[in-house]
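Structure, as structure tokens:
FYI, it's all coordinate maths here, none of it is from the lab. Quick caveat, the model's predicted, so the values are computed rather than measured. Cβ: placed from backbone, ideal geometry, glycine included. Neighbour counts: every protein chain shown.
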Amino acid sequence: MVERIAIREDWGTAVEVEPGLFRLRLVNPRGTLLINTYIYKSPGHLAVIDPGWPWTLHGLETALSDLGLGTLAEVDQWLYTHTHIDHMGLAAILSQHSDAPHHCWSLVEEHLPNWHAFQDDMNDWFDWGKSAFAEPWRSELIEQRKKQREGQQKYSSMAHQYGERAVENAVLYELGESIQVGDITLDIHDARGHDPYHVAFHEPDRKWLFAGDVVIATPTPISRSMDDDLALYRESLDRLQALDIELLLPGHGVQKSDRIDSAFERSRDYVTSYTERVLAQLETADGPVDLHTIALALTPEGKPLKPEPRWWVHVALVDSHLNMLVNEQKAERLDGPTYLVRVA
């Protein structure tokens, strides 16, 4: 991979990683999490993969203009690796600025007419928290939520901010099909696990893989509150690593072209290490133990991680591994809920 140009502007950064292929990192005005938006420009065509957060519309528009690539109206294809708000949250808003088709997996079709409500539901972890935590943590979580809603801190819904909108001009595809994007062909591969609607795009001739959040610079978070599935995620790692890849294009961070296999192994080892650590907590406990206690035990200082989003990602990962161990009959879930190791 040769990064030919790097541009830094108020809207963020852009790098041309291959001729015509740009990686954008748009400034996120509501946090520090940046995503990789990919733009492919070929004669007569302009395509965008994972345009990003709903509040980065102006940054995307400005970046396209500053790079001399075109305008939102000139984009002729919008593509998405998965439905999460940082990758596909902008989709319905883009429908008001562009007549181009939105390429979506057919499984997403039922959610497209009420896109912002779907995003709000997916990003609301409250019901999961009530079912995942034992007392007293459950009551504490409920009380925190009441205070947050009363103060309207970060809980204003997308439907409230942007209106209820649909993703229009959707073109639906199935796994195993291909999408022609200018002069390249993207094969569509099953990449579920981090999102039940996750796909990856593989360009077999150039050996590019747009991996979304399956393999990223830091290990991929898995949360049952968003219907993530660890077993499917492990299958997706195996499936995608078997492809012929020379350029890995992740949803976050940068991946060196000579370390593609190591990136997959790092993600796989991360899953394995969490499983082993959670199981060890169950095996050494004097009796049933709850999610919050295990999550604290697995932090370096036995305290919630900082900043707060990092803590919740950690808790969600512990919960996902507990659920997987129960499904594999290596652990038992009791009322509370609490967990104990299952004795063979």
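Restricting attention to the stretch 107-260, the count of lysine pairs at 8 or more positions apart or across chains with alpha carbons under 26 Å apart stands at 5.
Kirkwood hydrodynamic radius of the stretch 1-151, from the reciprocal of the average inverse Cα-Cα distance over all distinct pairs: 17.2 Å.
In terms of its Cα atoms, the stretch 34-85 spans 30, 20, 17 Å along the principal axes, sorted from long to short.
Rg and Dmax of the stretch 299-344, both derived from C-alpha coordinates alone, stand at 12.7, 40 Å.
Considering only the other residues whose Cβ falls under 13 Å of the Cβ of LYS330, what net charge follows from Lys and Arg at +1 and Asp and Glu at -1? Numbers along the way, then the final one.
Details: positive: ARG333, ARG342; negative: GLU276, GLU283, GLU328, GLU332.
Its environment carries a net charge of -2.
Which residue, TYR274, TYR80, TYR38, has the most motion in a Gaussian network model of the chain that connects Cα atoms within less than 10 Å? The residue with the greatest mean-square fluctuation here is TYR274. Can you give me the angle between helix 137-151 and the longest principal axis of the chain, using Cα atoms only, in degrees from 0 to 90, rounded to the nearest 10? Helix 137-151 sits roughly 40 degrees off the main axis of the chain. Neighbour counting of Cβ atoms within 10 Å sorts the residues VAL167, VAL343, fewest neighbours leading, into VAL343, VAL167. When restricted to Cα atoms, the stretch 278-322 yields an Rg and a Dmax of 10.3, 31 Å, respectively. With both residues required to sit in the chain, DSSP beta bridges show an antiparallel share near 75%.
For a footprinting-style exposure proxy, rank MET88, MET324 by other Cβ within 10 Å, fewest first. Can you show the working numbers first?
On the way: MET88 29, MET324 22.
Listed from fewest to most nearby Cβ atoms, that is MET324, MET88.
Using all Cα-Cα distances in the stretch 129-216, what percent lands in each 5 angstrom bin from 0 up to the longest? With a bin width of 5 Å, the distribution comes to 3, 10, 12, 12, 12, 12, 12, 10, 8, 6, 2, 0. The stretch 187-219 and the stretch 225-281 have Cα centres lying 11 Å from one another. Give the order of HIS45, HIS198 when sorted by the count of other beta carbons within 10 angstrom, beginning with the fewest. Going from sparsest to densest Cβ surroundings: HIS45, HIS198. Relative contact order of the chain, taken over Cα pairs closer than 8 Å and 6 or more residues apart, is 13 percent.
Charged side chains reduced to their Cβ positions (Lys and Arg at +1, Asp and Glu at -1) give the stretch 202-290 a dipole of some 280 debye around its Cα centre.
Three semi-axes describe the equivalent ellipsoid of the stretch 202-344; taken as square roots of 5 times the Cα gyration tensor eigenvalues and ordered largest first, they are 32, 16, 12 Å. Between GLY12 and VAL27, the built amide H atoms are under 5 Å apart, and every one of these is 5 or more places off in sequence or on another chain.
If the convex hull of the alpha-carbon atoms of the chain is projected onto planes in all directions, what is the mean projected area in square nanometres? Provide the component values of the computation, followed by the final result.
Numbers: hull surface 72.2 nm².
Its Cα hull, projected and averaged over all orientations, spans 18.0 nm².
The angle between the Cα long axis of helix 308-327 and the main principal axis of the chain comes to about 70°, on a 0 to 90 degree scale.
Using Stokes-Einstein with the Kirkwood hydrodynamic radius over Cα pairs, what translational diffusion coefficient do you get for the stretch 257-299 at 10 °C and a viscosity of 1.306 mPa s, in µm²/s rounded to a whole number?
Values: Rh = 12.0 Å.
D, rounded to a whole number, is 133 µm²/s.
Along its first, second and third principal axes, ordered by size, the stretch 79-147 spans 51, 24, 18 Å in Cα coordinates. For the pair ALA285 and GLU9, a Förster radius of 41 Å applied to the C-beta separation gives a FRET efficiency near 0.20, rounded to the nearest 0.05. Compared with the dominant principal axis of the Cα atoms in the chain, helix 230-241 is inclined by about 40°.
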